[in-house]
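A short worksheet on the structure shown next.
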Amino acid sequence: MRILIAEDDQVLADGLLRALRGAGAAVDHVASGSEADAALMTNTEFDLLILDLGLPKMHGLEVLKKLRARGSSLPVLILTAADSDYAIGTFDGTTFTPETSRIHGVSGLAKMRAFYAAQTFSDIPDGRRIQIGWCRAGSPGMPFNQCMSLPSELTLR
């Protein structure tokens, strides 16, 4: 599998590159929207685009619009920094249509805007599904600014 990562945060990009290459993927990285657009125009070998929306030189949505205007159906995973508010809706590759009003962040943490993503593990041997939240953490003097939450078991009730 060949993946293009369009991400301007070098720390995040390095982590993705290490993880994906470690899993056997061929991975290219660009740090701006214009570089992503150029790479997508010149290379049709990509199987997946991991796209940050807040890219310099061209917004990620503009990259996506140009990609779709060229008739590409390349799968795109949007990865972007955000607060812990969210909405449920549909996205057609160009426009997000909310089906709910904005839902405010995790109870007790909404003021911190801590959670910005989640990772779900569904291959646990006993059949459980576990989710871990990715969080921002103010850690003055430390070489990191992110953390992971305690695991939560996901069930349908």
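A short reminder: the numbers here are calculations on the coordinates, not readings from a lab. Keep in mind that this is a model prediction, so the values were computed, not measured. Backbone-built Cβ (ideal geometry, glycine too); neighbour counts: all protein chains shown.
Given their separation in residues at 0.36 nm each and the Cα-Cα distance between them, THR95 and LEU77 gain 5.0 nm when the chain is fully extended. Placing dummy labels 7 Å off each Cα toward the beta-carbon, the span from SER34 to ASP14 is 2.6 nm. Normalising by residue count, region 1-94 has a Cα convex hull of 103 Å³ per residue.
I need the GluC sites (Glu not before Pro) found in region 14-84, filtered to DSSP loop residues with at most 16 other beta carbons within 10 Å of theirs.
GLU45
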